[in-house]
Amino acid sequence: LGLPGVFVFRMSLYGREAMAFFDKLKEADAGNGKCVDCGANSPLWASLSYGTYFCLECSGVHRNLGVHISFVRSLNMDSWSEQQQQRMTCGGNTAFRQYLRQCGMPEELQSGGGQFAGCESQAEGAIRQKYNTRSAAAYRAWLAERSRG
């Protein structure tokens, strides 16, 4: 879904400028307005590895996956380089979910934590399982290649 030709990338974005950039990406893909893993509103964390957005609770699970699986950044507390902006523009929650659906990933894994609201160990397990699949690894590689231009 990414729209790389529509966005002008700046050297580095931080704080308000970064949030304005991510607001534009949310306008382009409404799916970015909800956590890709549990569906919580207004996620403030992202995975550069997948170009996806998630909530604070799910960000902890992503951090525990390791940077080789999911490289986590805060939308408003970290600075975002041009290359990182490009990668997030090429990704998006909707594109990631569509890809997983095409690969035949069960919906209960795609919605991860939302299905197990109130049971953190099951939610964490579903998220871990989703991101440790061949499909997720293939998407990571595809997004890395695509974002290089």
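Would you mind checking segment 132-149 for residues with the amide N under 15 Å from a putative spin-label position 7 Å along Cα→C-beta of GLN98? Label zone hits: 143. For segment 24-108, a crude dipole built from +1 on the beta carbon of Lys and Arg and -1 on the beta carbon of Asp and Glu, taken about the Cα centre, is about 100 debye to the nearest 20. If each of GLU27 and ASN76 carries a label point 7 Å out from its Cα toward its Cβ, how far apart are those two points in nm? With each label placed 7 Å out from Cα toward Cβ, I get 1.9 nm. Averaged per residue, the chain has 51 square angstrom of accessible surface, using a 1.4 angstrom probe with ligands and nucleic acids left out.
Based on alpha carbons, the Rg and Dmax found for segment 13-145 are 13.5, 38 Å. Along its principal axes, segment 21-72 has C-alpha extents of 30, 18, 13 angstrom, given from the largest down. The C-alpha atoms of the chain define a longest principal axis, and helix 134-147 lies at about 0 degrees to it.
The values are calculated or read from the model by the stated rules, or taken from the named source; none is laboratory data. From a predicted model like this one, the values you see are computed outputs, not experimental measurements. Using ideal geometry, Cβ is built from the backbone for each residue, glycine included, and neighbour counts are taken over all protein chains shown. Each accessible area value is taken on the protein alone, full model and side chains, heavy atoms only, with ligands, DNA and RNA left out. Shrake-Rupley method; radii C 1.70, N 1.55, O 1.52, S 1.80 Å.
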